[in-house]
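Please read the structure below before turning to the comments.
The values are calculated or read from the model by the stated rules, or taken from the named source; none is laboratory data. Keep in mind that this is a model prediction, so the values were computed, not measured. Here the Cβ positions follow ideal geometry from the backbone for every residue, glycine too, while neighbour counts run over all protein chains shown.
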Amino acid sequence: MIGDFNEIDIEGGWETPEGYPPTVGSKILSGGLDEANRTGRCTLLMRYLPGTDDPRVLSHDFFEEVWVLDGEMDWLDADGGIVQHIPKNSYVCRPPHVPHGPFRSKTGCLILVNFYYADEGE
């Protein structure tokens, strides 16, 4: 996909990432992470279908940038209360080891995600 624009099928071809609920799908657009050697970068789309609940709290050793392209989601506390409502056009850049989640999307959402290790993003 490098060099020329490519049309992306938003309706089909989604794969559920390991450990995610079946209502979450992803499409890798470019790159990949080598977590064992802490190298690489990966750009992907993620789709949360309406009613998605992801109860996990995540933390990882790479940076994560997230841009909500469509829809909305909520960041929840341990009791299911809303910590932050995250509407369309929201953006965050999380450094390594920052806990995040659980998340819920009542309406569904489409997000663009970029994962990278420090020397890969500089």
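If you take the residues in the stretch 38-54 that are at pLDDT 95 or above and part of a loop (DSSP other than H, G, I, E, B), which one is surrounded by the most Cβ atoms within 10 Å (Cβ to Cβ)?
Leu49
Matching residues to (1) of a type in the set (Ser, Thr, Tyr); (2) within 27 Å of Glu11 (Cα to Cα):
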residue: Asp74; (1), (2): no, yes
residue: Ala78; (1), (2): no, no
residue: Ile82; (1), (2): no, no
residue: Ile86; (1), (2): no, yes
residue: Asn89; (1), (2): no, yes
residue: Pro96; (1), (2): no, no
residue: Phe103; (1), (2): no, yes
residue: Asn114; (1), (2): no, yes
residue: Tyr117; (1), (2): yes, no
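Closer than 30 Å to Gly3 by Cα, surrounded by fewer than 13 Cβ atoms within 10 Å (Cβ to Cβ) and touching a Ser or Thr at 6+ places or on another chain (Cβ under 8 Å): does that describe Ser26?
Spelling it out, it is not the case that Ser26 is closer than 30 Å to Gly3 by Cα, surrounded by fewer than 13 Cβ atoms within 10 Å (Cβ to Cβ) and touching a Ser or Thr at 6+ places or on another chain (Cβ under 8 Å).
How many residues does the stretch 72-96 contain that are assigned to a loop (DSSP other than H, G, I, E, B), touching a residue at least 24 places away in the same chain (Cβ under 8 Å) and among the acidic types (Asp, Glu)?
The qualifying residues number 1.
For residues that are farther than 13 Å from Val66 by Cβ and part of a loop (DSSP other than H, G, I, E, B), scanning just the stretch 97-122, find the one that is modelled with the lowest pLDDT.
Among them, the one singled out is Glu122.
Are any residues in the stretch 70-87 surrounded by 15 or more Cβ atoms within 10 Å (Cβ to Cβ) and under 14 Å from the mean Cα position of the chain (by Cα), and if so, which ones?
Within the stretch 70-87, Gly71, Glu72, Met73, Asp74, Trp75, Ile86 meet the criteria.
What pairs can you find where one residue is in the stretch 28-54 and without any contact (Cβ under 8 Å) to a residue 12 or more places away in the chain, the other is surrounded by 16 or more Cβ atoms within 10 Å (Cβ to Cβ), and their Cβ atoms are less than 7 Å apart, with a gap of 6+ or different chains?
Final answer for the pair search is Gly32/Cys42.
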